[in-house]
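S.K.: Starting off with a structure, shown below.
The values are calculated or read from the model by the stated rules, or taken from the named source; none is laboratory data. Remember, predicted model here, so these are calculated numbers, not experimental data. All Cβ positions, even for glycine, are placed from backbone atoms using ideal geometry, and neighbour counts span all protein chains on display. Only protein heavy atoms, including side chains, enter the accessible area calculation; ligands, DNA and RNA are left aside. Shrake-Rupley method; radii C 1.70, N 1.55, O 1.52, S 1.80 Å.
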Amino acid sequence: MTGGTARLGRAARIGVDVRPAPHAAGILHLGLGSFHRAHQAVYTAAAMDAHGGDWGIVGVASRSHGIVDAMHEQDMLYAVATISPGSTVLGVPGVHTDAYVAADDPDRVVADLADPRIRVATLTVTENGYSYSAATQHLDTDDAVVRADLDGAAPRSTVGQLARGLQRRAGSGGAPIAILSCDNLASNGTHTEKLVREFLATLPGSEGAEALAFLDEAVTFPSSMVDRIVPATTPRLRDEVSALLGLYDGIPVPAEPFTMWAIEDRFAGGRPAWEAGGAVFTDEVSRYEQLKVRLLNGTHSLIAYLGALSGAATIPEAIGSAGIEAAARIVLRDEYEPSVDVPTAVDVREYERQLFDRWGNSALGHRTTQVGSDGSVKLGQRIPEPALQALDEGRMPHLIALTVAGYLSCVAPLTGTDPGEHARAMTDPAREALAGLAASARDGRELAQRVIGDRRLFGERLAARTPFIDRVGELVDAIARHGVAAAIDDCVGASAAPDTNPKEHRA
Ligand code: CS2
């Protein structure tokens, strides 16, 4: 706490509006991170301001106490700092009624999911939080945590928590509920439902039968597309926000001005009027997801890896390099866009123009290390479909291949190469395994074959595409031997060449 400054809380006089504390919770949220606090919480505040309703949020962090403890010390309040060059605007959502750590009390998550007052459960647990196998897309029953959950331990995986919570709900009145995934996964609602059903169907005998019947009748899993760039908070932001508030806020969230939420309107137990905050209820969610996960997130990954390898600490710094900007424009326009069914209400040129403005937001300081982390799970959502489509059409997606080569060069560098501090700081659940493969690989080609082919990191279908794997391998070698700028030039040049037939391509 800063010397002598009072802490943000409901009793303090604050220079920004703070709504009254919600009377009761209607939402259980799993994944109490920055994104949820700057996105869904803000929409929920707008919904309650416009239409009331008992839609307070109980926030659950999986393991870490930092946010939860600070939320309690601050009467569930924190500031969202909307940051653009030249302005920082503060808001205080104030929609949480409680917060706790699931690891401290796993049964509480199950009990809350069974509580009929909870009518929506929302998730931001990241791509890494769904316990599925990248190769098969099915529930990863080899995962030790999933196995323990299936064996009847107090559940620790998100899928286990949902399944056990819905099981208890089915046996105690069976009030309708919607489970809403807000993570960057294709068809995130359908995917979540599939994994929960697989969990229940894997239980011994007929243990999962009642819950499966309950799912058929009274549980919906709408899909949704969420979008807002929310970097990690920094001590500097804490000081700036505390100075603006005149009160100490230990957990402010920085966010860009742009925000978007497209949701399928299938809520078995009712829902907040999120449209009051600008959410779009639509039947075209899968189009919005494709648009966002490929154009924004896919290109974001390219910028992060190429940027980190060039020594850029932040996304705006990376996109400020002419070579990386050219690569981003090509991957977006020529490799991602053809694979997307653009939603009816979206002007794709305007969307792309906004993307470059958003990535260029230098005041936000979004770090290449943050976007580049967890690539083993993120890229599986972003690259296989567009890459396969291009390959099927006889085009080599050079910049998607470069994204993957950049990723491997960052987290699994070939022996004797150093990807630099921003790449070294990237975390990834597969990092150790991939680094092991890199340590004994003779060259990039062998590394790419082991990762994409043998390990099927990006699914079965891409594992069989030798020309793509070869191209990734070549680019890993090019980065190692000639540097990332040369690899970018190679791909930009190859993309401009008229004949890029993957069967014939050899750099
Ligand atoms: C980013 C996303 O970290 C990443 O991989 O691409 O977190 C991105 O900032 C958000 O999806 C924007 O909505």
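S.K.: Taking the range 175-229 only, how many residues are in contact with a strand residue (DSSP E or B) (Cβ under 6 Å, 6 or more places away or on another chain) and open to solvent by 20 Å² or more (accessible area, probe 1.4 Å)?
M.R.: Of the residues in that region, 3 qualify.
S.K.: Is there a residue being among the small types (Gly, Ala, Ser), within 16 Å of the ligand (Cβ to nearest atom) and over 22 Å from Ala363 (Cβ atoms) anywhere in the range 302-312? Steps first, answer last, please.
M.R.: Within the range 302-312, the subset among the small types (Gly, Ala, Ser) is 304, 307-308, 310-312.
Still in the list and also within 16 Å of the ligand (Cβ to nearest atom): 304, 307-308, 312.
Okay, now just the ones that are also over 22 Å from Ala363 (Cβ atoms), so none.
No.
S.K.: For the structure I just gave you, tell me whether Glu432 is part of a helix (DSSP H, G or I), within 25 Å of the chain's Cα centre (by Cα) and free of Cβ contacts under 8 Å to residues at least 40 places away in the same chain.
M.R.: Details: part of a helix (DSSP H, G or I): yes; within 25 Å of the chain's Cα centre (by Cα): yes; free of Cβ contacts under 8 Å to residues at least 40 places away in the same chain: yes.
Judged against the criteria, Glu432 is a match.
S.K.: Which condition breaks for Arg456 when tested against (1) open to solvent by 70 Å² or more (accessible area, probe 1.4 Å); (2) touching a residue at least 40 places away in the same chain (Cβ under 8 Å); (3) out of contact with any helix residue (DSSP H, G or I) (no Cβ under 6 Å at 6 or more places or on another chain)?
M.R.: It is condition (3) that Arg456 fails.
S.K.: Would you mind finding the one in Asp265, Asp239 that is away from the ligand (no atom under 16 Å from the Cβ) and farther than 30 Å from Lys194 by Cβ? Break it down stepwise before answering.
M.R.: On the way: Asp265 fails: farther than 30 Å from Lys194 by Cβ.
On inspection, the qualifying residue turns out to be Asp239.
S.K.: Check Pro254 against each of (1) within 13 Å of the ligand (Cβ to nearest atom); (2) out of contact with any Ser or Thr (no Cβ under 8 Å at 6 or more places or on another chain); (3) in contact (Cβ under 8 Å) with a residue 60 or more places away in the chain and name the one condition it does not meet.
M.R.: (2)
S.K.: Sticking with this one: Can you report the number of residues in the range 162-206 which are in contact (Cβ under 8 Å) with a residue 40 or more places away in the chain, small (Gly, Ala, Ser) and assigned to a helix (DSSP H, G or I)?
M.R.: 4
S.K.: A further question follows. Looking only at residues in the range 378-397 that are in a loop (DSSP other than H, G, I, E, B) and in contact (Cβ under 8 Å) with a residue 60 or more places away in the chain, which one is farthest from the ligand (Cβ to nearest atom)?
M.R.: So in the range 378-397, the residues in a loop (DSSP other than H, G, I, E, B) come out as 383, 393-397.
So of that shortlist, the ones also in contact (Cβ under 8 Å) with a residue 60 or more places away in the chain come out as 383, 394-397.
Working: Ile383: 12, Gly394: 29, Arg395: 24, Met396: 24, Pro397: 19 Å.
Per the criteria, the residue is Gly394.
S.K.: Another question about this same structure. Looking only at the range 102-121, which residues are surrounded by fewer than 21 Cβ atoms within 10 Å (Cβ to Cβ) and within 22 Å of the chain's Cα centre (by Cα)?
M.R.: Ala103
S.K.: Which residue pairs have Cβ atoms closer than 9 Å, lie 6 or more positions apart in sequence or on different chains, and pair a first residue in the range 348-377 that is more than 12 Å from the ligand (Cβ to nearest atom) with a second residue that is assigned to a helix (DSSP H, G or I) and among the acidic types (Asp, Glu)?
M.R.: Pairs that qualify, where the first residue is more than 12 Å from the ligand (Cβ to nearest atom) and the partner is assigned to a helix (DSSP H, G or I) and among the acidic types (Asp, Glu), are Val348/Glu337; Glu352/Glu337; Phe356/Glu325; Ser362/Glu317.
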